[in-house]
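**Q** Below is a structure I'd like to ask you about.
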Amino acid sequence: MPVDPAALTRITALGSVPEAGRGLVRDLPVRWALEEAGIPYSARTLTFLGERSADDLAEQPFGQVPAYNDGEVSMFESGAIVLRVGERSEALLPRDPRARAKTISWLFAALSSVEMQIWPLALLNIFFADKPWRNEARPALEGNVRRVLGRVAAHLGEKDWLEGEFTAGDLMMVTVLRRLRSTGLVAEHANLAAYLARGEARPAFQRALAAHLADFADQATAA
Ligand SMILES: N[C@@H](CCC(=O)N[C@@H](CS)C(=O)NCC(=O)O)C(=O)O
């Protein structure tokens, strides 16, 4: 459960990806949300940076994954899709207006306050690792990440989840923090490291990750 080729809800994922990207492609948070909600889905895989048909582009204008269709609506953008899944399940998006507002705030914070600082560092480590200026740029970029992680850690405090109960905001924050897995930056905050581990230990996450990685099973090592 719940990958089911006959399911009404359909998503797109990638069928090949360089090794460093496995476990990080953005179909993963969508699969995780669907698993938390107990909603069966099927996944169609596209080629990494491959040609896109007119139908693919109608579903996802940038030719990227994930795209989502639940029979009622067709969507793109992982954060928006997770919120849609949340509308179908209180397990992700509380019905209480105050808790719901905080959930939406944290989901956007993960993507536009935290990931926005992580992405330049990821680019440096992955795509510019051989550039002579990389060591000069790194301290500033790491400093930006440290600043936002410090804020998230301070808000989290001793709680299990950002607002007490697990929500789509935590799902997206854990997804984003996983992008730092090759750095020691999350581990600088014991509570944040425990939070990340707690998210990854959720059975729904484990099922989503297994299904996500299964799509790369016939890929030997690097794509
Ligand atoms: N903001 C978009 C980003 C989507 C995105 O970056 N998708 C990447 C994978 S994580 C992709 O499809 N790359 C392959 C390609 O562009 O062909 C979202 O959150 O859905």
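**Q** Just to be sure before I move on: is Pro120 within 14 Å of the ligand (Cβ to nearest atom) and either touching a residue at least 12 places away in the same chain (Cβ under 8 Å) or closer than 30 Å to Gly164 by Cβ (or both) in the structure I sent? I'd like the intermediate steps shown before the answer.
**A** On the way: within 14 Å of the ligand (Cβ to nearest atom): no; either touching a residue at least 12 places away in the same chain (Cβ under 8 Å) or closer than 30 Å to Gly164 by Cβ (or both): yes.
Considered against the rule, which asks whether it is within 14 Å of the ligand (Cβ to nearest atom) and either touching a residue at least 12 places away in the same chain (Cβ under 8 Å) or closer than 30 Å to Gly164 by Cβ (or both), Pro120 comes out as no.
**Q** For a quick check of your reading of the model, give me the residue pairs whose first member lies in segment 69-84 and is among the basic types (Lys, Arg), whose second is in a loop (DSSP other than H, G, I, E, B), with beta-carbon atoms closer than 7 Å and at least 6 apart or on different chains.
**A** Within 7 Å, the pairs are Arg84/Val73.
**Q** Here's a follow-up. Given the conditions (1) under 25 Å from Ala217 (Cβ atoms); (2) open to solvent by 60 Å² or more (accessible area, probe 1.4 Å); (3) under 16 Å from the mean Cα position of the chain (by Cα), which single one is not true for Thr47?
**A** Exception for Thr47: condition (3).
**Q** A follow-up question, please. Would you mention how many residues in segment 181-202 are free of Cβ contacts under 8 Å to residues at least 24 places away in the same chain and either open to solvent by less than 70 Å² (accessible area, probe 1.4 Å) or closer than 16 Å to Glu35 by Cα (or both)?
**A** 6
**Q** Can I ask one more? Select from segment 1-44 the residues that are closer than 18 Å to Met172 by Cα and basic (Lys, Arg) and write down the one among them that is farthest from the chain's Cα centre (by Cα).
**A** Filtering segment 1-44 for residues that are closer than 18 Å to Met172 by Cα and basic (Lys, Arg), the one farthest from the chain's Cα centre (by Cα) comes out as Arg22.
**Q** So His155 clears everything in (1) under 17 Å from the mean Cα position of the chain (by Cα); (2) within 30 Å of Arg95 (Cα to Cα) except one condition, right? Which one?
**A** (1)
**Q** Another question about this same structure. Quick check, is Arg178 crowded, with 18+ Cβ neighbours inside 10 Å and either farther than 30 Å from Arg84 by Cβ or basic (Lys, Arg) (or both)? Break it down into steps so the answer makes sense when it comes.
**A** Numbers: crowded, with 18+ Cβ neighbours inside 10 Å: yes; either farther than 30 Å from Arg84 by Cβ or basic (Lys, Arg) (or both): yes.
When the stated conditions are applied, Arg178 passes them.
The values are calculated or read from the model by the stated rules, or taken from the named source; none is laboratory data. Everything numeric in this text was worked out from a predicted model, so none of it was measured. Glycine gets a Cβ as well: all are built from the backbone with ideal geometry, and neighbour counts include every protein chain shown. Calculation scope for accessible area: heavy atoms of the full protein, side chains included, ligands and nucleic acids excluded. Shrake-Rupley method; radii C 1.70, N 1.55, O 1.52, S 1.80 Å.
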